[in-house]
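The values are calculated or read from the model by the stated rules, or taken from the named source; none is laboratory data. This is a predicted model, so every value here is computed, not measured. With ideal geometry, Cβ positions are generated from the backbone for all residues, glycine too; neighbour counts draw on all protein chains shown. Just so you know, the surface numbers come from the protein's heavy atoms only, side chains and all, with ligands and any DNA or RNA stripped out. Shrake-Rupley method; radii C 1.70, N 1.55, O 1.52, S 1.80 Å.
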Amino acid sequence: MTQDDAWRGVAAEEVQELNSAVGAKLQARSRKLLGSLIRPHLWPAGAALALVVLQNLSSLVGPLLIAAAIDSGIPSAIRGDTSTLAWCIGGYAFSAIANSGLLMAFQRLAARISQDVLLDLRQRLFRHVQRLSLSFHESYTSGKVISRLTADMESIGKLLEDGLDNLLNAVLSLAFIGTLLLILDVPLALIVMAGFIPLVLMLRWFRATSGRAYRATRGAIAKVIVQFVETMNGIRAVQAFRRERRNESIMDVENASYRDSNYTATSAVATFAASVRFIGNVSLAVVLGIGAWRVTGGSMELGVLTAFTLYLRRFYDPLDELAQVANSYASASAALEKISGVLEEEPTVVEPAHPKPLPPGGTIEFNQVEFRYGPETPVVLPKFDLTIPAGQTVALVGATGAGKSTIAKLVARFYDPTAGSVRLSGVDLRDTADEDLRTKVVMVTQENFLFSGSVADNIALGKPSATRGEIESAAAAVGAHEFIAALPDGYDTDVRKRGGRLSAGQRQLVAFARAFLADPSVLVLDEATSSLDVPGERAVQAALETVLTDRTAVIIAHRLSTVLIADRVLVVDGGRIVEDGSPADLVAEGRGEFAALHQAWLESLA
Ligand SMILES: Nc1ncnc2c1ncn2[C@@H]1O[C@H](COP(=O)(O)OP(=O)(O)OP(=O)(O)O)[C@@H](O)[C@H]1O
């Protein structure tokens, strides 16, 4: 692994203090992402920039017109000539209207650009995360992904919406007003500029402090969301095991650390904003003092001083806003760093550039396969060979943690073996197209996951092009038709709505109907451990036999009845296949682990 690889993807997420080289690398990655997001909107962004320039120019005219009104309009009006004053007032009204119109146009355009950018980023992130391999999801957790898609996205949105608006306004105001101040009065303008020295120092301090603080807030909010999502996902277990108090105390700790990191971040903003205001007010006081002294001495006109102080207020207001921008920027860049990390992750199970088509048949071969979950984790499956001929039903049995699910996951290519190869009909799974593999190998897991939508939609997942007739015959084949027809809206019942909720056995039947409809050559099945009532169990058993007909099957078996319908039993122990034979032969041998397991099963049924 090179030095660069060590920080790739999400590796730096949990690290609070980064060295400057890594920090720079992460910033460059964030900038690259931001650039790629903004590039498609360069023209509208240019138009927005033009609008904000015009809007700033229009707002500058006001104080100049007021100065003209005080210095020449009012004196002429006293002498009976009101035309200058009328021009000043008319001009002021016109610039105010133009200013409002331009502001509205700019804000609308900016909002449109930023919403498009956010939409693009959300889509990219969602698509990318869906493509990432199981190994990523097992370690990254859904809570963190949710936090990237919600909280982080929101802080980037805040920067794009208010931040850019404020930043452009501030920079332009500073440039324009700075120029005007110099034109109006050079000595006073220089006094104002001197205030910039402490300002720049403050800005440097603020960037360093808030950058660190906001990285911490991103990590902390992710932990709060992870804890929340885990609790909600496991709410049944939480209530069943009375884990509420324990969860509350974990949540309290995460929540408190989020509050603390936010507090540190906002404290920095407060210090910075207060310093800006303080420097602004001191400059104003000095300008007023010197200005008043010069007006009384006759070397400066009152109107000019009025205009100068009016501009000066406007000069410091955007600096206040700049503090807010710096704040949103720090928060958004921490978020962008995390999101760009997720986007940098690559699937570990990669689709080949030139896939080989899978021929018909379903022979599975493990050739010298060895497997470990990660480079630092122990070998879970030591080197082994195994051939499962097409059409055979194999039951994997063994103690918990023996490696049964791991073997099943290799057949479905959720992982690639660390050494050796897994072949289907003679083709290395690494050489197959995802689409091809997913139609030939279907995995039915214990979760029996139902997506929101109708029962029919959930069965059709196995074959999206299926007609209603095909869906119903698949359901009928596995014996699910009766209970589905009896649901409030039959096949159109929403499985997430009241009345559409299915029992564990019914969910399993829907999962079987889905697999039956998909009609794969190979079925990998993690049998549910939860026990069903006797009629439910019989229905599921009958459905299982139907689904298994004419295909290769690898079943992680938990029930004796399932093992007995298998052609072959593999007993797994510590990642090794220690027994291999037909259930009848293994029982007849009478000495092995399977024979003992069989005896225990029989006794439990007695
Ligand atoms: N994602 C993972 N990362 C690291 N180790 C893992 C991972 N999944 C499983 N393991 C380890 O691999 C070994 C085999 O696990 P596996 O899930 O294959 O066992 P199993 O026989 O299916 O168990 P069970 O019957 O409890 O489901 C175990 O020691 C387990 O701790």
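For the ranges 538-547, 374-383, what's the packing order if you count other beta-carbon atoms within 10 Å of each residue, average per peptide, and put the highest first?
Values: 538-547: 19.0, 374-383: 12.5.
For the peptides 538-547, 374-383, the packing ranking is 538-547, 374-383.
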Taking a temperature of 10 °C and a viscosity of 1.306 mPa s, what whole-number D in µm²/s does Stokes-Einstein yield for the chain with Rh from Kirkwood over alpha carbon pairs?
53
For Thr393, which sequence-distant residues (separation of 5 or more, or a different chain) have an amide H within less than 5 Å of its own amide H, given hydrogens modelled in the peptide plane?
Ala553, Asp567, Arg568
If you find the alpha carbon centre of region 288-303 and of region 513-528, how far apart are they in angstrom?
90
Roughly how tilted is helix 20-38, in degrees to the nearest 10 and between 0 and 90, from the longest Cα axis of the chain?
90
Rounded to the nearest Å, the spacing of the alpha-carbon centers of region 22-97 and region 550-606 is 81
Within the accessible area of region 33-129 (1.4 Å probe), percent carbon and sulfur
72
In degrees between 0 and 90, to the nearest 10, how far off the longest principal axis of the chain does helix 468-477 point, with axes built from Cα atoms?
40
So how do 216-226, 84-94 stack up, highest first, on mean other-Cβ count within 10 Å?
216-226, 84-94
Which order do the peptides 422-431, 403-412 take when ranked by the mean count of other beta-carbon atoms within 10 Å per residue, highest first?
403-412, 422-431
Is the shape of region 346-428 rounded, prolate or oblate, going by the alpha carbon gyration tensor and its root eigenvalues a ≥ b ≥ c, with a/c under 1.5 for rounded and a/b larger than b/c for prolate?
oblate
Spatially proximal aspartates and glutamates relative to Lys404 (Cα-Cα < 12 Å; intrachain offsets below 8 disregarded)
Asp526, Glu527, Asp573
Mind pulling the angle between the C-alpha long axis of helix 534-548 and the longest principal axis of the chain? Nearest 10 degrees, somewhere in 0 to 90.
90
For region 24-344: lysine pairs with Cα atoms under 16 Å, gap of 8 or more or different chains, count?
5
